[in-house]
Amino acid sequence: MSDTSSNKPGFWETVRLLLGVARKRGLGRKERQKQILHRRTGGRSLGRDAGCLFFVVTLVFAVIVNVLAAFVVGISHRVLAHYLRSWYWFGD
């Protein structure tokens, strides 16, 4: 065996190096996309705050839809129960 085989990085060191390089590439891509978007929109992009705002608006909308659906289901159950109760009591 030569002395060069002991200089090779181990498995976990290789994984760490690959993940580090992938992270740096990802950060570079993100920065480049920001530059391209800024150039394309002329700096008029809504940015990160708009994303948060859209998320909150979507969340509020989903809550409203779920509350209304629960209300409708509750009413329909009461109406059905009333209909069935009167049908069983009076025969028709």
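Just so it is clear, none of the values below were taken in a lab; they were calculated from the coordinates. Keep in mind that what you see is a predicted model, and the values were worked out from it rather than measured. Glycine gets a Cβ as well: all are built from the backbone with ideal geometry, and neighbour counts include every protein chain shown.
Residue by residue through the stretch 70-86, which ³J(HN,Hα) values in whole Hz follow from phi under the Karplus form 6.51 cos²θ - 1.76 cosθ + 1.60 (θ = phi - 60°), with glycine and proline marked x?
The phi angles translate into 5, 5, 5, 5, x, 5, 5, 5, 5, 5, 5, 5, 5, 5, 5, 5, 6 Hz.
To the nearest 0.05, how large is the calculated FRET efficiency for H82 and F54 if R₀ is 35 Å and r is the Cβ-Cβ distance?
On the way: r = 42 Å, r/R0 = 1.21.
The computed FRET efficiency comes out at 0.25.
With each pseudo-label sitting 7 Å past Cα toward Cβ, what's the T41-V65 distance in nm, one decimal?
Once both label points are built, they end up 2.5 nm from each other.
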